[in-house]
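Right, one structure below, let's go through it.
We did not get these values from a lab; they are worked out from the coordinates using the rules stated. The shown structure was predicted, so the numbers you read here are calculated from the model rather than taken from an experiment. Here Cβ is always computed from backbone atoms with ideal geometry, including for glycine, and neighbour counts include all displayed protein chains.
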Amino acid sequence: MSTVTLTPSQAASHHRSDSLAAAIEHDPASYRMLSGDRPTGALHVGHYFGSLQNRIRLQDAGVEVLVLIADYQAVTDRVVSADLPEVVMGVMADYLAVGIDPDRAVIFAHSQVPALNQLLLPFLSLVSVAEIGRNPTVKDEVAAAGLATVSGLMFTYPVHQAADILFCHANLVPVGMDQLPHLEITRTIARRFNDRYSPGSPYFPEPAALLSSAPLLLGIDGQKMSKSRHNTIPLRATADETARLLGRAKTDSQRAMSYEPDRRPEVASLLLLTALCRGMTPEEVAAEIGAGGAARLKAAATDAVNDRFAPIRARRAALAADPGYLRAALAKGNERASAIADGTLRIVRRLMHQQY
Ligand code: TRP
């Protein structure tokens with residue numbers, strides 16, 4: 001199988017992730033996982049295979065799970081509109097439909113947990129403007145959004161993300177490779193806070209990234225699958241919508257199938273999607289389709305997605321029909337997250353001598 005070329009530090013992260021996975025299996029109760037998504041649209045199959053599946057696996061293994069709907073991160077590059085509640089409830093429905101259990105996991109939103117947001121202030125004092133300005137993911141996002149100006153929130157959101165992770169003392173963060181710079185600044189902030197305000201008995205843990213083993217799925221235009229590029233297969237799409245979307249997917253004119261991510265990225269991504277849905281390898285899917293060409297590949301991908309997600313889609317439809325239940329589940333998560341954040345802020349104030 002051809003693989004993506006990794007830099008030495010990315011390879012080291014993968015290696016750390018692998019040994020971490022073994023350690024979690026051995027002692028799940030010593031881990032607390034936090035992960036999150038921006039509420040900018042419906043979650044899609046890339047989210048599912050890239051991170052949702054990891055979260056559910058950890059939850060079911062007995063790891064304590066917190067899931068954040070990052071509604072302040074949503075305003076880094078856009079103005080949110082009156083449909084935000086609908087988008088947030090849609091994400092809630094996606095979460096519960098895929099198997100995140102609101103009785104075990106804490107699902108919450110930034111804007112509803114004031115004490116989490118307040119941690120941004122002490123954390124900003126621990127990093128320099130130059131350090132914040134070097135973040136490659138922020139630079140990519142600014143370029144991708146085509147922003148004429150960069151807001152202070154866009155510039156500093158990785159520090160806010162450190163607050164997301166540290167407010168609950170999460171020591172495990174399942175993310176994609178693009179999030180590694182944010183994890184690095186989180187570790188720096190934890191270390192500096194401990195050195196300055198809690199020497200001898202570190203207050204914040206330095207969290208580890210858990211990288212997904214599934215390579216990235218491309219969107220139907222061959223670019224990175226992302227809500228803002230409008231190139232996704234949403235989890236909640238109907239079977240017909242899925243057929244229409246995949247029917248438009250970019251491929252190439254070579255009829256014989258082969259899994260070559262570097263040379264044939266679009267075909268490789270459809271093979272991978274089909275394989276992930278069916279629990280096979282992309283090479284096996286390629287062999288099955290043989291010289292069937294793009295039409296057979298798209299039909300196979302459509303069937304695979306529709307079969308795999310049928311139960312999730314049915315559950316999602318039932319959940320979406322009960323907005324009161326979704327709102328109550330989020331309210332409960334917000335309350336639990338606030339209790340944790342209030343406790344952390346109280347200790348942070350004490351360690352920073354802000355008790356009068
Ligand atoms: N930055 C993440 C993204 O764009 C979302 C996010 C916000 C997050 N806070 C987080 C991810 C904390 C992991 C941990 O997808």
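Going from the residue with the fewest nearby Cβ atoms within 10 Å to the one with the most, Ser17, Ser35 rank Ser17, Ser35. Listed from fewest to most Cβ neighbours within 10 Å, the set Ser201, Ser111, Ser51, Ser213 follows the order Ser201, Ser213, Ser111, Ser51. For the chain, a simple Cβ point-charge model (Lys and Arg +1, Asp and Glu -1, everything else neutral) yields a dipole of about 400 debye relative to the Cα centre.
Would you mind calculating the gained length between Glu25 and Arg244 on full extension (0.36 nm times residue separation, minus the Cα-Cα distance), in nm to one decimal? Before the final figure, lay out the partial values.
Working: separation 219, 0.36 × 219 = 78.84 nm, distance 4.04 nm.
Full extension from Glu25 to Arg244 adds 74.8 nm.
Among Cys277, Cys168, a tally of other beta-carbon atoms within 10 Å of each Cβ gives an order, fewest to most, of Cys277, Cys168.
Among Ala287, Ala162, Ala115, the largest mean-square fluctuation in a Gaussian network model of the chain, built with springs joining Cα atoms closer than 10 Å, belongs to Ala287. Anything in the chain that counts as a DSSP H helix reaching 30 Å or more along its axis (C-alpha) with Kyte-Doolittle mean of at least -1.0? List them, would you? Long hydrophobic helices here: 293-320, 323-351.
Would you calculate a helix-derived [θ] at 222 nm for the chain, using -39,500 (n - 2.57) for each DSSP H run of n ≥ 4 and dividing by the full residue count, to the nearest 500?
Theoretical 222 nm ellipticity from helices: -17000 deg cm²/dmol.
The value for segment 237-320 of Rg(Cα) / (2.2 N^0.38 Å) is 1.12.
For the chain, the number of Lys pairs separated by eight or more positions or lying on different chains, with C-alpha atoms closer than 28 Å, is 9.
Panel values: the chain, Kirkwood radius from alpha carbon pairs, Stokes-Einstein at 37 °C and 0.692 mPa s, translational diffusion coefficient 153 µm²/s.
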